């Protein structure tokens, strides 16, 4: 099998090099990832979605070669911010007008992020204490000297004055080859979502994974493993030392408990910082990983891998890192020993998904309680290879959020109540 994969990779790299222009690294399985570029906080806490509003309407922009939304967001680090003020709250009409602002870019987060985090990564202290931010609006007209921070909750809009928008750099980014899907902003049960009036074509991917050893984490976290207590159970191994323990299961998922954290977490910004700092210290790969969700009741932060601007979903921890501060004195981390390494060809490279209208009709005809839906998004489902755990397929699909669980619409009948939240 390994020889066959090697031959396929060699031939494919020669015949279709563009498909392999991403993450082709040479790493040893026992080496912890130390790619500092992938660890920059702005990469993890940049928005996840880029929409352009022009005379053509709204278009969702994605690319197989460039993380468009992160590149646009990084230009905002260089802005000279001079003033911020709230211009509207509670006015849905004015809020909708801003969402439809002509000749602009909209940068969206999946989960609202604390403005305190924006203050840190965009280097402007006046962003602090402005609540959560769901969207950023960047005008594309040279006459504008403002950007806008929006939050769907209470229809809040902040206007931020800037010296000069980096329009030349932004337009260079937008001139790259990219995919454009016409979209509309609509509401489902009071929650805005991206509505696709046309069918959506997405590539599927095959990936080879790399696997780190249990010892690499034992040495990093526990240190002197001879002093650790090791218990082998049917489907997992538990390694304990003073004030901490590591659990490895047969699916290469890991749970790490730290019973003596350095600080107490009482806010979103505290949780976001701690999640990031600990991921770096643990040596967890953060390449192409984005902040995805935050649960304030559980102090739970979720990172998720994104491929071509779309999130991936797995029944395991693969592609997901989770941090939680529990009971006022415990930090819990969940991640996988495996991460995505080399893309490989698949038999079927493009899949056509139904438009939003037909999707909603299918859901209703399937008996789904439409009032329970609080989110709809496109993403990739991880399909394991039964013959080799280091090979997976990423299959495009619609995902429906019901009761805080993201469920593949293809398996709604069997998965309601068993969906993917990846929360601890």
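The values are calculated or read from the model by the stated rules, or taken from the named source; none is laboratory data. Predicted model, so just to flag it, every value in this text is computed and none were measured. Here Cβ is always computed from backbone atoms with ideal geometry, including for glycine, and neighbour counts include all displayed protein chains.
Please tell me if residue 318 is in contact with a helix residue (DSSP H, G or I) (Cβ under 7 Å, 6 or more places away or on another chain) and either at pLDDT 95 or above or within 23 Å of residue 209 (Cα to Cα) (or both). For residue 318, the condition - in contact with a helix residue (DSSP H, G or I) (Cβ under 7 Å, 6 or more places away or on another chain) and either at pLDDT 95 or above or within 23 Å of residue 209 (Cα to Cα) (or both) - is not met. Checked against the criterion of being touching a helix residue (DSSP H, G or I) at 6+ places or on another chain (Cβ under 8 Å), touching a residue at least 24 places away in the same chain (Cβ under 8 Å) and at positive phi, the stretch 168-188 contains not a single residue that satisfies it.
Tally up the residues in the stretch 100-132 that are more than 15 Å from residue 76 (Cα to Cα) and touching a strand residue (DSSP E or B) at 6+ places or on another chain (Cβ under 7 Å), please. Please lay out each step first, then the result.
Of the stretch 100-132, the ones more than 15 Å from residue 76 (Cα to Cα) are 100-103, 109-114, 116, 128-132.
Checking which are touching a strand residue (DSSP E or B) at 6+ places or on another chain (Cβ under 7 Å) leaves us with 100-103, 109-114, 130-132.
Matching residues across the stretch 100-132 total 13.
Looking only at the stretch 295-302, decide whether some residue is under 30 Å from residue 411 (Cα atoms), surrounded by fewer than 21 Cβ atoms within 10 Å (Cβ to Cβ) and without any contact (Cβ under 8 Å) to a residue 24 or more places away in the chain. Yes, the stretch 295-302 contains at least one residue that is under 30 Å from residue 411 (Cα atoms), surrounded by fewer than 21 Cβ atoms within 10 Å (Cβ to Cβ) and without any contact (Cβ under 8 Å) to a residue 24 or more places away in the chain. Scoring residue 228 on the criteria (1) in contact with a helix residue (DSSP H, G or I) (Cβ under 8 Å, 6 or more places away or on another chain); (2) in contact (Cβ under 8 Å) with a residue 24 or more places away in the chain leaves a single failure, condition (2). Since residue 1 meets every condition but one in (1) at pLDDT below 95; (2) assigned by TED's automatic domain parsing to the domain that holds residue 116, which condition does it not meet? Condition (2) is where residue 1 drops out. Among the residues of the stretch 131-141, is any over 21 Å from residue 58 (Cα atoms), in the same structural domain as residue 64 (by TED's automatic domain parsing) and surrounded by 16 or more Cβ atoms within 10 Å (Cβ to Cβ)? Yes, because at least one residue in the stretch 131-141 is over 21 Å from residue 58 (Cα atoms), in the same structural domain as residue 64 (by TED's automatic domain parsing) and surrounded by 16 or more Cβ atoms within 10 Å (Cβ to Cβ).
For residue 365, the stated conditions hold: it is without any contact (Cβ under 8 Å) to a residue 40 or more places away in the chain and surrounded by fewer than 19 Cβ atoms within 10 Å (Cβ to Cβ). When the stretch 85-98 is limited to residues that are in contact with a strand residue (DSSP E or B) (Cβ under 6 Å, 6 or more places away or on another chain) and surrounded by 18 or more Cβ atoms within 10 Å (Cβ to Cβ), the one that is farthest from residue 129 (Cα to Cα) turns out to be 98. Among the candidates 216, 143, 187, the residue that is at pLDDT below 95 and over 30 Å from residue 294 (Cβ atoms) is uniquely 143. Out of everything in the stretch 147-168 that is modelled with pLDDT of 95 or more and closer than 13 Å to residue 124 by Cβ, what residue ends up being surrounded by the fewest Cβ atoms within 10 Å (Cβ to Cβ)? Restricting to residues being modelled with pLDDT of 95 or more and closer than 13 Å to residue 124 by Cβ, the top hit is 161.
If you go through the stretch 58-67 one residue at a time, do you hit one that is loosely packed, with under 13 Cβ neighbours inside 10 Å, touching a helix residue (DSSP H, G or I) at 6+ places or on another chain (Cβ under 9 Å), under 25 Å from residue 273 (Cβ atoms) and at pLDDT below 95? Within the stretch 58-67, none of the residues are loosely packed, with under 13 Cβ neighbours inside 10 Å, touching a helix residue (DSSP H, G or I) at 6+ places or on another chain (Cβ under 9 Å), under 25 Å from residue 273 (Cβ atoms) and at pLDDT below 95.
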